[in-house]
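Take this structure first; my questions come after.
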Amino acid sequence: MAESILGKLGFGRASGVDKAGWGRTLAVAVVAFIYFLPVLFIIFTAFKPQGDALLVPPTLSPTSLFGLIPDHFVFKPTLENFGSVFSRSMTPDGAPEATGFDRYFFNSIFIASASVLLALVIGTLAAFGFSRYPLKGNDTYLFIILTTRMLPAIVVIIPVILMFRVVGLSGSYLGIIMLYTAFNLAFTIWMMKSFFDELSPDVEDAARIDGSSGLRVFFKICLPQVIAGLAATFVFGLILTWNEFLFALLLSGPDTRTVPVAMNQAVSSGGRGTDWTLLAAIETLFLVPVFLVTFFLQNHLLRGVTFGTVKR
């Protein structure tokens with residue numbers, strides 16, 4: 001009787017399938033922890049006093065975990081580095097120097113959001129057209145669009161710089177937003193076309209018979225069914241744009257630089273060498289927006305990346 005009660009409570013002897021499931025879960029957890037270790041080290045470094053960043057042996061934890069971690073591996077956490085990110089510091093000659101991170105942070109949010117949303121609007125409409133109104137040579141056009149992403153950024157940067165200088169877009173929000181939109185467009189079109197291809201056209205045909213226009217069918221019937229695809233495409237496009245460095249470094253101006261450029265400046269500022277704790281604080285703050293977007297869209301994101309994997 002006791003064994004039956006324990007079995008109902010889930011404490012009985014696990015089956016082979018359950019053991020295999022727990023084994024896979026444990027293996028994934030270990031791999032995920034190892035993968036996350038560098039990020040965790042950066043976050044901990046952001047809370048360290050500046051003098052603790054290069055200690056040997058390194059300080060690894062803000063707490064001793066009830067005595068499990070020796071004291072020489074424990075550091076006293078501080079928020080001083082995060083305050084330095086947004087405040088003025090002093091150069092070696094005593095002149096005030098602003099990090100400008102608040103400006104860079106605004107630029108990153110504005111440029112990434114605007115370019116990804118613009119690419120999403122244009123790319124979704126184009127993807128719907130390629131999916132529902134295919135032209136002769138449709139696959140060829142799609143391949144040509146894809147070729148815009150086949151060359152690395154370093155290959156196209158020189159002609160892009162020359163064109164930007166000729167048309168007066170260097171250092172402007174409009175120029176860098178247009179550039180990021182163009183680079184995200186191919187990915188958006190291909191991604192969203194795959195979602196539209198998975199939708200059954202029967203409901204759309206019925207709506208057209210009832211007199212609905214093509215735009216009404218798109219906005220009222222098709223678009224609500226691919227919300228997961230929109231979320232997944234938005235997140236991936238945001239990550240690509242958010243982390244972009246080369247174009248931001250060479251095409252932006254003093255007022256349009258983004259956070260990756262600020263990180264580059266923080267590596268060696270004012271001839272004082274690398275301020276590792278300040279750099280770690282910038283990187284930690286840099287992770288927050290993308291983490292929050294991914295966290296709040298995680299359900300749509302999961303459905304988006306698995307959409308169409310089960311054949312109906």
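Every residue in segment 30-51 that is surrounded by fewer than 13 Cβ atoms within 10 Å (Cβ to Cβ) and over 22 Å from the mean Cα position of the chain (by Cα), please.
Passing the criteria: Val30, Gly51.
Filter segment 288-312 for residues that are surrounded by 14 or more Cβ atoms within 10 Å (Cβ to Cβ) and either modelled with pLDDT of 70 or more or among the charged types (D, E, K, R) (or both); which is farthest from Ser113 (Cα to Cα)?
If we take residues in segment 288-312 being surrounded by 14 or more Cβ atoms within 10 Å (Cβ to Cβ) and either modelled with pLDDT of 70 or more or among the charged types (D, E, K, R) (or both), then Arg303 is farthest from Ser113 (Cα to Cα).
Which count do you get for residues in segment 132-190 that are of a type in the set (S, T, N, Q) and either closer than 18 Å to Ser252 by Cα or modelled with pLDDT of 90 or more (or both)?
Selection size over segment 132-190: 6.
If Thr188 passes every condition in (1) surrounded by 20 or more Cβ atoms within 10 Å (Cβ to Cβ); (2) among the β-branched types (Val, Ile, Thr); (3) in contact with an Asp or Glu (Cβ under 7 Å, 6 or more places away or on another chain) but one, which one does it miss?
(3)
Determine if segment 246-266 includes at least one residue that is acidic (Asp, Glu) and under 18 Å from the mean Cα position of the chain (by Cα). Steps first, please.
Filtering segment 246-266 for residues acidic (Asp, Glu) gives 255.
Filter once more, keeping what is under 18 Å from the mean Cα position of the chain (by Cα): none.
The answer is no; no qualifying residue exists.
Tell me which helices (runs of 4 or more DSSP H) are completely within segment 162-228 and hold 3 or more residues being under 30 Å from Glu244 (Cα atoms), or say none if there are none.
Values: elements: 173-198, 202-209, 214-217.
By residue number, 173-198.
Mind telling me which of the residues Ala232, Ala248 ends up being more than 15 Å from Leu120 (Cβ to Cβ) and assigned to a helix (DSSP H, G or I)? Steps first, please.
On the way: Ala232 fails: more than 15 Å from Leu120 (Cβ to Cβ).
Residue meeting the stated conditions: Ala248.
Hey, another quick one. When you go through Ala262, Ala232 one by one, which is the residue that is within 22 Å of Leu297 (Cα to Cα), in the same structural domain as Ile144 (by TED's automatic domain parsing) and in contact with a Gly (Cβ under 8 Å, 6 or more places away or on another chain)?
Only one candidate qualifies: Ala232.
The values are calculated or read from the model by the stated rules, or taken from the named source; none is laboratory data. Quantities reported herein were computed from a predicted structural model and do not represent experimental measurements. Counting neighbours? That spans all protein chains shown, and the Cβs are built from the backbone with ideal geometry, glycine included.
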